[in-house]
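Have a look at the structure below before the remarks.
The values are calculated or read from the model by the stated rules, or taken from the named source; none is laboratory data. As the structure is a computational prediction, the values presented were derived from the model and not from experiment. Cβ atoms come from the backbone with ideal geometry, glycine included; neighbour counts cover every protein chain shown.
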Amino acid sequence: MDQHMGVASKEEEDREEKRTVPEITLRPFTLSDVDGFMTWATDDRVMRFSRRPTCTTKDECLTHMKDLIMPHPWCRAICIEDDGRPVGLVSVTPAPGADVHRASIGFGVAYDYWGRGIATAAVKKAASAVFEEWPLLERLDAIAEVNNTASRRVLEKAGFQREAVLKSYLVLRGESMDMVMYCLLSADSMVR
Amino acid sequence: MQTDSSAVPPNHDHRKQEPEITLRPFDLSDVGAFMTWASDPRVTRFQRRGPCTSEEDARRYLTDHVLPHPWYRAICVDGSPVGSINAKPGQGEERFKASIAYRLAYQHWGRGIATAALRAAVSSLLEEWPHLERLEAIAEVENPASQRVLEKAGFLREGPLRKYVMLRGKSRDVVMYSLLATGPKLR
């Protein structure tokens, strides 16, 4: 509880906000989440580092949800406690072929909800869940574009370790980009 | 990182020391030569699959995997196959990159053959696949010989990736290497 020692400074208020861990829940998507989904999927500020193109219409969003979100092996809506509507997405994709011990995490949060620790909380919660649900999982990794400082900070705060810069690793918006590889091992996962 | 030896050589004899190798596709008549390295645990030690146990096994592997492969070549010295090198292109939106792997018969180690084969393969691939931007290769952390080969061939060490690949029943730490199409030209 706040101690009322006169007027708190702006800095103190900011620190207080950052210390407050947001209560978030993760749940599967349904098509009725499309309005929430649209708040980030149509926003270039969120989608600019995504492999997926920014959606422009509700129909595009519905198609995207039907084709990519609903059949995904592990994709969750990020919901904050006071509202059932999703404010973001976190997904964990198993590695192809024989590498059953490895999976990659991705996430996105609607722009208006940035700066509250939501993505960090969601990534931690997702990591904990998949390490629990997939006993063969040993390595969870994530790649973020070198200049995507917001996402890189999320991964670092969630306990991922930076491993390497992979040059021209992914094509985003027609351009090959250098990506930073991050990893969280089940062995040193913070949630254990 | 040491200087790439494809830059100005320190002496005229430098090039004479690098073996003359050629790359060509395999055919079934290569099965005998193929067995030489494919059945040798010293060579297969760092591979995903274990050694070939019989000529039958090797023939099946050639037919099912090598011959239909997008890019699989025999490394030849004086026209005889002494190893193999292959490149696997990415699918769909990843087709701008390819991963390279190679193996060499044990008796030919230590002569620069793998390095020469990598250079030749890179040169061919960049020409045959003009959309290629990134070539990558991995070497297990416990395989410094292969790491040196990749470095001598001009690949850049990007960093160790922990428990990245499942090999021989266990998740292994590997070092990722890359060579970019836009990088320094190889001779």
Evaluate the following for B:GLY112: is it out of contact with any His (no Cβ under 7 Å at 6 or more places or on another chain) and within 14 Å of another protein chain (Cβ to nearest Cβ)?
no
Scanning the range A:97-120 for residues that are more than 14 Å from every other protein chain (Cβ to nearest Cβ), touching a Phe, Trp or Tyr at 6+ places or on another chain (Cβ under 9 Å) and surrounded by 21 or more Cβ atoms within 10 Å (Cβ to Cβ) gives A:ILE105, A:GLY108, A:VAL109, A:ALA110, A:ALA119
Exception for B:GLY159 within (1) surrounded by fewer than 19 Cβ atoms within 10 Å (Cβ to Cβ); (2) in contact (Cβ under 8 Å) with a residue 24 or more places away in the chain falls at (2)
Condition set assigned to a loop (DSSP other than H, G, I, E, B) and within 9 Å of another protein chain (Cβ to nearest Cβ), scope the range B:142-182, selection modelled with the lowest pLDDT: answer is B:THR182
If you go through B:ALA120, B:ALA87, the only one that is under 13 Å from the mean Cα position of the chain (by Cα), more than 14 Å from chain A (Cβ to nearest Cβ) and either under 28 Å from A:ALA142 (Cα atoms) or among the basic types (Lys, Arg) (or both) is B:ALA87
Notebook entry, point to check: Going by the structure shown, is A:ASP141 facing chain B (nearest Cβ under 10 Å), in contact with a Cys (Cβ under 9 Å, 6 or more places away or on another chain) and not hydroxyl-bearing (Ser, Thr, Tyr)?
Noted result: yes
Residue hits (the range B:131-142; touching a residue at least 40 places away in the same chain (Cβ under 8 Å) and under 14 Å from the mean Cα position of the chain (by Cα)) are B:LEU135, B:GLU136, B:ALA137, B:ALA139, B:GLU140
Filter the range B:97-146 for residues that are among the polar types (S, T, N, Q) and in contact with a Phe, Trp or Tyr (Cβ under 8 Å, 6 or more places away or on another chain); the one that is nearest to B:ASN86 (Cα to Cα) is B:SER146
Log entry, pairs with first residue in the range A:158-174 being more than 25 Å from A:ALA122 (Cα to Cα) and facing chain B (nearest Cβ under 7 Å), second being in a strand (DSSP E or B) and modelled with pLDDT under 95, beta carbons closer than 6 Å, six or more apart or on different chains, reads A:SER168/A:SER176
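Yes or no, residue by residue, for (1) more than 18 Å from the chain's Cα centre (by Cα); (2) farther than 17 Å from A:TYR182 by Cβ; (3) among the polar types (S, T, N, Q):
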residue	(1), (2), (3)
A:THR54	no, yes, yes
A:GLU60	yes, yes, no
A:PRO86	no, yes, no
A:ALA119	no, no, no
Query raised in the report: Got at least one residue in the range A:155-171 being more than 19 Å from A:VAL90 (Cβ to Cβ), of a type in the set (Lys, Arg) and at pLDDT 95 or above?
Result: yes
Residue pairs within 6 Å by beta carbon, gap of at least six or interchain, first lying in the range B:114-127 and within 19 Å of B:LEU104 (Cα to Cα), second assigned to a helix (DSSP H, G or I) and aliphatic (A, V, I, L, M), listed first then second, are B:ALA114/B:VAL149; B:THR115/B:VAL149
Per the list (1) farther than 30 Å from B:GLY169 by Cα; (2) within 15 Å of the chain's Cα centre (by Cα); (3) of a type outside the set (Gly, Ala, Ser), residue check on A:LYS125 breaks on (1)
